[in-house]
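Remarks on the structure that follows.
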Amino acid sequence: MGRWSRRLAPLLIQFVGLSDGDRVLDVGCGTGILTFTFPEIANIASVTGIDLTEPYVDFARVRNADPRISFRAGGCPCLAVRG
């Protein structure tokens with residue numbers, strides 16, 4: 001979402017619709033803009049942000065003060081395209 005992340009994150013989360021206690025996986029989380037917004041909008045149990053770019057993940061980890069949020073560097077094999 002790039003530069004629009006801060007403005008669009010709440011709208012995207014409301015559109016998706018989350019229930020109390022849901023766990024969220026944010027694949028391609030970048031610096032965590034959307035990841036950090038989930039607990040602000042919804043009463044979730046946890047959110048994990050994952051991204052291939054380690055510097056983005058490191059930046060997000062430094063900013064994180066919420067125990068419900070975690071970040072990991074890596075890919076998501078569940079999204080691998082099989083031919």
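The values are calculated or read from the model by the stated rules, or taken from the named source; none is laboratory data. The model shown is predicted, which means the values in this text are computed figures rather than measured ones. Quick reminder, even Gly has a Cβ in these numbers, built from the backbone with ideal geometry, and neighbours come from all protein chains shown. What goes into the accessible areas is simple: the full protein's heavy atoms, side chains included, and nothing from ligands, DNA or RNA. Shrake-Rupley method; radii C 1.70, N 1.55, O 1.52, S 1.80 Å.
Does V57 meet the test of being within 8 Å of the chain's Cα centre (by Cα) and not in a loop (DSSP other than H, G, I, E, B)? Answer is no for this residue.
For the condition over 8 Å from the mean Cα position of the chain (by Cα) and surrounded by 13 or more Cβ atoms within 10 Å (Cβ to Cβ), S19 does not qualify. For region 60-75, filtered to residues that are part of a strand (DSSP E or B) and aliphatic (A, V, I, L, M), the residue that is farthest from F36 (Cα to Cα) is A73. Applying the criterion of being outside any strand (DSSP E or B) and over 21 Å from W4 (Cα atoms) to the residues of region 22-46, the residue that is most open to solvent (accessible area, probe 1.4 Å) is N43. Figure legend. Inter-residue proximity from region 28-44: first residues more than 11 Å from I13 (Cβ to Cβ), second residues surrounded by fewer than 18 Cβ atoms within 10 Å (Cβ to Cβ) and modelled with pLDDT of 90 or more, beta-carbon distance below 6 Å, spacing 6+ or different chains. Indicated pairs: T31/F59; N43/D20.
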